[in-house]
Amino acid sequence: MPLERAKVEFLGTGLQGIGFLMRDGTKEVPCRVSLKALSDRGAVTGLNEAGVFEIYRDEIERAASAKYDRGQISPDGRVYVTSDEFPNKPPSKCTDRKSDA
């Protein structure tokens with residue numbers, strides 16, 4: 001079952017990254033995206049770690065949900081998103097081009 005966002009606000013930045021809460025039904029699932037994953041994406045996009053989290057939060061949450069669905073939960077009960085799940089290259093955006101013909 002995919003996780004859903006539990007709260008809009010995130011739990012703050014630190015040396016371990018940014019923590020955020022997701023929800024599996026009524027159960028809150030603590031998650032964290034690593035500082036390295038955020039800074040790697042920031043080096044490509046020019047954003048700081050908090051900016052990366054805000055802009056790419058949906059992608060980060062999808063990565064956390066996928067790990068949760070695969071049962072990849074740490075012994076402390078958290079789901080950790082690393083550079084493996086959140087690579088430094090942002091997903092490409094498709095644009096529709098209309099021909100003038």
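The values are calculated or read from the model by the stated rules, or taken from the named source; none is laboratory data. As the structure is a prediction and not an experimental result, all values here were calculated from the model. Heads up, the Cβs are rebuilt from the backbone with ideal geometry, glycines too, and the neighbour counts pull from every protein chain shown.
Of note:
- Just one of (1) at pLDDT below 95; (2) surrounded by 19 or more Cβ atoms within 10 Å (Cβ to Cβ) fails for Gly25. It is (2).
Rundown of residues vs (1) assigned to a helix (DSSP H, G or I); (2) closer than 18 Å to Arg5 by Cα; (3) at pLDDT 95 or above, yes/no style:
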position	(1), (2), (3)
Gly19	no, yes, no
Glu54	yes, yes, no
Pro75	no, no, yes
Asp84	no, no, no
Ser99	no, no, no
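- Options Ala37, Ala43, Ala50: the member that is part of a helix (DSSP H, G or I), surrounded by 14 or more Cβ atoms within 10 Å (Cβ to Cβ) and either free of Cβ contacts under 8 Å to residues at least 40 places away in the same chain or out of contact with any helix residue (DSSP H, G or I) (no Cβ under 9 Å at 6 or more places or on another chain) (or both): Ala50
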